[in-house]
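In what follows, a structure is listed as structure tokens, so that the remarks can point back to it.
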Amino acid sequence: MTVDEFVANSDVLGPLYGDVLPLAGDLRLRSVNLNWIGPTVTLRVDLASFPEFAPQEWREAGLDTVQCQLRFLDVGRLDMEGWRPPVVARVGVVSRLERRRIRVEVRPVGREVGISFECSDSVTVGRVGAFKIQGDGMDGGPRVHLKRLENRLYQSLPGTCERTYYERF
């Protein structure tokens, strides 16, 4: 099973990618935010492809990579080991559990260790934006978000301690 089957707000990526959400393949995992309130896990990922229906503003700015956050709620039984971001990984649902819960694994390509956890069967997509990937593969340059308010607040990627960016959608 893929994560895109459980996305509660597919209307966020739908206008960019159409009916097939780009969450089933290899994603570049940039960061993992753990929050005890909820508790939640938020993954910041680069999508594997640039959208066919990208906003004109993104095309004119020469942006080539889409990044978003995936938020998982009511997280339990979390295991995390042996990785350093950024890594190319697959985010997959390995099983359905009782009471509308799922088991998620984030597995770096070519390795067996990564992140696994149980959570609610509802995944939320947020903070969708685009940037031009740097020569060294980093994502620290200017970016343009889909939402106007996010564009005003975050012209570049904030530090990982910026709670508003990583913990709220």
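Numbers at a glance
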| item | result |
| --- | --- |
| Positive dipole terminus of the chain, leading residue within N33, L23, C68 (C-beta point charges) | N33 |
| Sparsely packed chymotrypsin sites (Phe, Trp or Tyr not before Pro) within segment 1-83, loop by DSSP, other Cβ within 10 Å at most 16 | W36, F53 |
| Principal axis box of the chain, alpha-carbon based, largest edge first, Å | 47, 32, 32 |
| Size of electric dipole in segment 3-159: Cβ of Lys, Arg +1 and of Asp, Glu -1, about Cα centre, debye, nearest 20 | 380 |
| Selection from P158, A89, P51, by position along the positive dipole direction of the chain (Cβ) | P158 |
| Theoretical gain in end-to-end length, D74 to R103 [0.36 nm per residue, Cα-Cα removed] | 9.3 nm |
| Backbone HN-Hα couplings from phi across segment 146-160 [Karplus 6.51/-1.76/1.60, Hz, Gly and Pro as x] | 5, 8, 4, 4, 5, 5, 6, 7, 10, 6, 9, 5, x, x, 5 |
| For the chain, calculated [θ]222 nm from helices alone, where every DSSP H run of n ≥ 4 adds -39500 (n - 2.57) | -2500 deg cm²/dmol |
| Nonlocal amide H pairs with K132, under 5 Å, H built at 1.01 Å | D64 |
| Residues R163, R44, sorted so that the one with the fewest Cβ neighbours within 10 Å comes first | R163, R44 |
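Every number in this text was worked out from the coordinates using simple rules, so none of it is lab data. This one's a predicted model, so the numbers in the text were calculated from it and none came from an experiment. Note that we place each Cβ from the backbone using ideal geometry, even for glycine, and neighbour counts take in every protein chain shown.
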